[in-house]
Amino acid sequence: MNAVMTQAIASNPIQRYDASRRRNAESAYNRNVQYNGQNQKTVENLEALLIGKKEPEIDQSKRHEPRQLGAGQMKQIALPIGTTLEETIASWKDVRAEAISEPEPTTADYNLAATASAKIMRTEAQIILHNRAQSEIDITSAREEADTAKMASKELPSDLEREILITQRRYEKAISSYSFQVLMKQKGFEIDRPSFYKIA
């Protein structure tokens, strides 16, 4: 039957085109069903993990495999973290000393010592930044206390002095406004424009 259909289809180009489109649509549909089916299973597994219906599967054999150190690989060690930054630095110094203390250190030992040195420098930088910030806070609070004490020790002006000061400020403001108006009248009440406007 297939041979007859192929012969019939081959004779007419429009039928060939339709058959090609059907085959392409069918293969695209099958790929889509397969792709969405796999994705749907993955989504359902993730939802079950998030909701708590399913526990994550952990392959214990991969976690406890001893690793052989090759050239350039570092030893797997627990990161030393102290309760304070100073304790952390001391722990990293111990790690660095232990890595280099062997009679013939390997590349992995040198890499471990370099990592420890980098961690020590980073932690020391954190300590320096913390101390600098703390000193800035202390200086600022001391200045505020001094300003508060100075303001408290100042005497407030009397009513007469306050009125004289207010009158003086009013005169200064009036003189400034008057001089601006005089200047505007001299220029014909035109706005000053930048020099490149005048050239163009």
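For the range 1-36, filtered to residues that are of a type outside the set (A, V, I, L, M, F, W, C), loosely packed, with under 10 Cβ neighbours inside 10 Å and modelled with pLDDT under 75, the residue that is farthest from Glu57 (Cα to Cα) is Ser11.
Among the numbered conditions (1) over 27 Å from the mean Cα position of the chain (by Cα); (2) closer than 14 Å to Lys93 by Cα; (3) of a type in the set (Val, Ile, Thr), the only one that Thr123 does not meet is (1). If you check Ile77, Ile81, Ile51 for being hydrophobic (A, V, I, L, M, F, W, C), modelled with pLDDT under 75 and open to solvent by 100 Å² or more (accessible area, probe 1.4 Å), only one passes: Ile81.
Residue by residue, here is whether (1) outside any helix (DSSP H, G or I); (2) loosely packed, with under 10 Cβ neighbours inside 10 Å; (3) at pLDDT below 80 holds:
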{"site": "Glu144", "(1), (2), (3)": "no, no, no"}
{"site": "Thr148", "(1), (2), (3)": "no, no, no"}
{"site": "Glu155", "(1), (2), (3)": "yes, yes, yes"}
{"site": "Glu161", "(1), (2), (3)": "no, no, no"}
{"site": "Leu165", "(1), (2), (3)": "no, no, no"}
{"site": "Ser179", "(1), (2), (3)": "no, no, no"}
{"site": "Met184", "(1), (2), (3)": "no, no, no"}
{"site": "Phe189", "(1), (2), (3)": "yes, yes, yes"}
{"site": "Tyr197", "(1), (2), (3)": "no, yes, yes"}
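One residue alone among Thr123, Thr115 is in contact with a Ser or Thr (Cβ under 7 Å, 6 or more places away or on another chain) and either open to solvent by less than 60 Å² (accessible area, probe 1.4 Å) or modelled with pLDDT of 85 or more (or both), and that residue is Thr123.
The values are calculated or read from the model by the stated rules, or taken from the named source; none is laboratory data. In this text, all values refer to a predicted model and were calculated from it rather than measured experimentally. Ideal geometry is used to build each Cβ from the backbone, glycine not excepted, and the neighbour counts take in all protein chains shown. Keep in mind that these areas ignore ligands, DNA and RNA; they rest on the heavy atoms of the full protein, side chains included. Shrake-Rupley method; radii C 1.70, N 1.55, O 1.52, S 1.80 Å.
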